[in-house]
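A short write-up of the structure that comes next.
The values are calculated or read from the model by the stated rules, or taken from the named source; none is laboratory data. What you are looking at is a predicted structure, and each value in this text was computed from that prediction instead of being measured. Here the Cβ is made from the backbone with ideal geometry for all residues, glycine too, and neighbour counts use every protein chain on show. Accessible surface areas use protein heavy atoms only, side chains included; no ligands, DNA or RNA. Shrake-Rupley method; radii C 1.70, N 1.55, O 1.52, S 1.80 Å.
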Amino acid sequence: MTHKLLILSDSHLFGSRYQELFGVNTYQTLHKLSTHIGDAGGSYDLAVASGDLSEDGLSGAYEEFHDLTQGLASSFVWMKGNHDQFDNVSVELTKKYIHPEWHLDPWSLIFLDTTLKGRDEGELGESELLRLEEFMEKYSDKHLLIFMHHQPIEVGSEFIDELGLLNHQEFWELVLRYQNLRGVIFGHVHQEYDSNVGEVRLLSTPSTAMQFKPFSRELDFDLSTLGYRNLTLNPNGSMETKIHRIVAVN
Ligand SMILES: [Fe+2]
């Protein structure tokens, strides 16, 4: 049995739907993209929001995210990004959306918290590294995917690479011991990325709000498109994936 995933990233919603980020109304961009995804009629077993659901971390932003995306997939997992304040997510939405792992047999997915309080860089703390190691040991007979907000590899844009996963070396030393790791999936970089480290696929997803220009030294926006990623997990451990984009302008 194959499993179909939808990945959304970096929506940067505000507590108020009228507020803008660098001139972009992030409520409207997510509204436009989720309407498009709904109309496309794909059926997804799981959707993942790979962090920075909100820009200001206010509870209203999470209510809006829920309202705009509910119904897109059978289940939905929300991951914390550097801008998120998950303490402000209601008890009800926390129970529904925030999960440490997810299992779509024969695949097992772990969602890691790479955030550092008050900082834009990421790091895997002791407890997350331990949780990761226990997960890798426990599911040694499954195909594994690791999700984290911060990128554990340089994507080629200097300013965002300075804000990546600080202890990426420690991360790779741990996970490359396991032959059944199929992919590492991240957000934060606001652009499409697809490469390999050994046999492990590395994937990022464009933002639902605004993109950063690839290979730029300084922060430079590409406001022309909004995007999402489809990911199909096959029983033999192979994956198919595709980025879809729509024009951003209203
Ligand atoms: Fe981020």
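So here's what we get for this one:
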read-out: Nonlocal Lys pairs with alpha-carbon distance under 25 Å, the range 3-247 (8 or more apart, or different chains); value: 25
read-out: In the range 55-122, the trypsin sites (Lys or Arg not before Pro) that fall in loop regions by DSSP, at most 12 other Cβ within 10 Å; value: LYS117
read-out: Relative contact order of the chain, pairs being alpha-carbon contacts under 8 Å that are 6 or more residues apart, as %; value: 21
read-out: Sum of side-chain charges, LEU5 neighbourhood, beta-carbon under 12 Å (Lys, Arg +1; Asp, Glu -1); value: +1
read-out: Distant-in-sequence amide H partners of THR115 (H built 1.01 Å from N, under 5 Å); value: GLU123
read-out: Whole-percent carbon and sulfur share, accessible surface of the chain, 1.4 Å; value: 48
read-out: Evaluated over the range 3-247, the Cα radius of gyration and Dmax, each in Å; value: 16.6, 48
read-out: Distance in nm between pseudo-label sites at LEU176 and LYS95 (7 Å out along the Cβ direction from Cα); value: 4.4
read-out: Distant-in-sequence amide H partners of LEU13 (H built 1.01 Å from N, under 5 Å); value: SER54, GLU55
read-out: Förster radius 45 Å - calculated FRET efficiency between LEU223 and SER43, Cβ distance, rounded to 0.05; value: 0.90
read-out: Whole-number accessible area per residue in Å² for the chain, which is evaluated in the context of all protein chains at 1.4 Å; value: 45
read-out: Where only C-alpha atoms are counted, convex hull volume of the range 123-163 per residue in Å³; value: 73
read-out: The chain - mean residue ellipticity at 222 nm from DSSP helices (-39,500 (n - 2.57) per run, n ≥ 4, rounded to 500); value: -6500 deg cm²/dmol
read-out: P(r), alpha carbons of the range 113-241 - 10 Å bins starting at zero, rounded %; value: 12, 42, 34, 11, 1
read-out: Neighbour-limited loop hits for GluC sites (Glu not before Pro), the range 154-250 (at most 15 other Cβ within 10 Å; DSSP other than H, G, I, E, B); value: GLU154, GLU162, GLU199, GLU218
read-out: Local net charge near ILE110, Cβ-Cβ under 13 Å (Lys/Arg +1, Asp/Glu -1); value: -2
read-out: Separation of the ASN196 and ASP161 label points, Cα + 7 Å toward Cβ, nm; value: 2.2
read-out: Listed residue (TYR228, MET1, ALA61) projecting farthest to the positive dipole end of the chain, Cβ model; value: MET1
